[in-house]
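The values are calculated or read from the model by the stated rules, or taken from the named source; none is laboratory data. Everything quoted here is computed from the prediction, not taken from an experiment. Here the Cβ positions follow ideal geometry from the backbone for every residue, glycine too, while neighbour counts run over all protein chains shown. Accessible surface is based on the protein model in full, side chains and every heavy atom, while ligands, DNA and RNA are left aside. Shrake-Rupley method; radii C 1.70, N 1.55, O 1.52, S 1.80 Å.
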Amino acid sequence: MIILIFLILTAFISLRVKDLLSAAMIFGVYSLLMCLLWAGMGAVDVAFTEAAVGAGVSAVFLISTILRTSRRSSD
Amino acid sequence: MKFLGLLTVLITGFLLIQAERDFPDWGDVNSPASSYKLSQHYITQTFAETSVPNMVTAVLADYRGYDTMFETVVIFTAGIAIIGILRVFGSNIKPDHPEVVLTKKKPDLIVETTCRLLIPIIQLFALYVVAHGHHSPGGGFQGGVIFGASFILLALARDLQYAQQWVPENRILNLAGIGIFIYAGFGVASLLLGGNFLDYGVLTAIIPGDVKDAHSHSMLGVEIGVAFTVTAIMFSIYSSLSSNGHMKEGI
Amino acid sequence: MVAIEALADKFNYWVYIVIMMIGLYAMVSKNNLIKKLIGMSVFQTAIILFYVSIGYKDEATIPILYHDQVHGAHHAEEGDHSDEGAHHDETHAMEAIAKEATHHGNDHAVDADHAEVDEHEADHVIDAHVMHNESDHAFEAGHGGLDIDPNQFENPLVHVLMLTAIVVGVATLGVGLAITQKLYGEFGTIEEHEIIEQLRTGND
């Protein structure tokens, strides 16, 4: 229940902040919370994949693109 | 535009909430998805048919092997697409807008030493995840991502060029191809032995043991193929994105 | 009050819908391309969350067999094979009894003296049928040596579908980011409205 509320919060904030680097980091937090939720539901394989992919690799991809382009966002 | 978007989203949300009434209750054992014979068959018969305790791995690599093969092909295609979009050969082609120049820093001693200690452990763990996916959570996808992440860590800690000494660009694409080749090879081998495509049961002619062992060991081989492809494509995507297609200097 | 109970009952589904809507809104109306991609990922994870929660069962465990179950399986399997012969014998015996019974049943009208015996035998047939059903059931459950209750484990099918979806999702995210970088090299910005303006005025 608490994880679900935090999930909504992090999803909202990561799309709300103007700084893209923080958005990418908060998106990583969102993925980690999602992974915890799935582990709680017993979907261990899915949670494992999300921990490796969502919280790890995709955050790195986002950050490398942000550093290669621009960090500001108009909305 | 914003208002229109909000309106669309709210209408979709309203329809979904209307549909939510028909959803099964939370954790309902008799929900259609759980009471369907197929998933019950997977739960009760997987070990009897394949001798793999982890049902997810068994369904992934055996029952739905065809599906997983083309998922791997999708990942491979995505890697090729990224190289096709971003890769710049030679340095005389100047883009219209100046590229972002990142300030170069000296490699940090602490970060480097820690990574030197960590990376072998990460790679060992990745191999464990691939090989032990039958008995514990894990498998080719997870192990491949972790193995690729170890190379990404190496590139982050030192430099992209340093990491590419171990995994050069042309070799990494070969590796991705080899992964799919291994996967499809199991399918073709079972075709040649008179079975259906990816029908591991007939592989008893090659693999020692009975039918169940053939299933189990072919699944391991298939997972290794998946791990090859995923490792290679993950590092390839990272090196393309971080060097803006030049494959020279990372972030 | 009813509304609150309904919300508490299906709170999970409401959360997925809300997250899905957040992601969809970001995809539709954000200007920044990276924000759009983050929105796409949020949307994707919300759908995956929905699927995973379909596979959830109350008081069920992760879809991996216990060590004991697997280990005990081999013994049970051996026992099962030895049972198999007995089972077949039983079936044959039962068929024989059933044939005899029907035979006697046909005779029944003619030979009234045997009525009592027939009834007795009919009871026996019914008993045998019940036994047969029971043994058949046990045989099905023990096929391959494992007595597994499907409600004891979660639905592995949805996990498999979503596991591959996550990895394919990160590959498509990579493609999106590559296109974003290319657009930045072309236009010098990653804001959608600025790109559209440049295209409109023609000085790309």
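Structure notes:
- Electrostatic bookkeeping for C:S29 treats Lys and Arg as +1 and Asp and Glu as -1; over the other residues with beta carbon under 15 Å from its beta carbon, the sum is +2.
- Residue of B:A48, B:A232, B:A155 that the Gaussian network model of chain B assigns the largest fluctuation, springs spanning Cα pairs under 10 Å: B:A48
- Accessible area (Å², 1.4 Å probe, nearest 10) - C:H67: 130
- Just checking the listed ones, A:V44, A:V60, A:V29: in the Gaussian network model of chain A with Cα springs under 10 Å, the one fluctuating most is A:V44.
- Counts of other chain beta carbons within 10 angstrom of each beta carbon in peptide B:11-24 average 4.
- Whole-Hz ³J(HN,Hα) from phi, Karplus 6.51 cos²θ - 1.76 cosθ + 1.60, for segment B:71-84, glycine and proline x: 4, 5, 5, 4, 5, 4, 5, 4, x, 5, 4, 5, 5, x
- Radius 12 Å from Cβ of C:Y16, net charge of other residues (Lys, Arg +1; Asp, Glu -1): 0
- To the nearest 10, the accessible area of C:W14 is 80 Å² with a 1.4 Å probe.
- Counting charges near C:I166 (Lys, Arg +1; Asp, Glu -1) among other residues having Cβ under 11 Å from its Cβ returns a value of -3.
- Counted residue by residue at 0.36 nm each, then reduced by the alpha carbon distance between them, the extension gain from B:T77 to B:L118 reaches 11.7 nm.
- When chains C and B come together, the accessible area they lose, probed at 1.4 Å and totalled over both chains, is close to 5500 Å².
- Largest first, the residues C:M27, C:M20, A:M25, B:M1 sort by 1.4 Å accessible area into B:M1, A:M25, C:M27, C:M20.
- Residue of B:V74, B:V202, B:V188 that the Gaussian network model of chain B assigns the largest fluctuation, springs spanning Cα pairs under 10 Å: B:V74
- Three-way shape call for segment A:2-68 based on the alpha-carbon gyration tensor, with the a/c threshold at 1.5: oblate
- Efficiency of FRET from Cβ geometry, B:H135 and B:N174, R₀ 35 Å, rounded to 0.05: 0.70
- Placing unit charges on the Cβ atoms of the charged side chains and taking the dipole of segment B:129-247 about its Cα centre, the candidate lying farthest along the positive direction among B:H217, B:M234, B:W166 is B:W166.
- Over 22 Å apart at the Cα level, from the set B:K37/C:K57; B:K106/C:K182; B:K248/C:K36; A:K18/C:K10; C:K10/C:K35, are B:K106/C:K182; B:K248/C:K36; A:K18/C:K10; C:K10/C:K35.
- Each label point was placed 7 Å from the Cα along the Cα-to-Cβ direction; for A:R72 and B:L10 their separation is 3.2 nm.
- Probing with 1.4 Å while keeping every protein chain in the model, the per residue accessible area of segment A:2-68 equals 33 Å².
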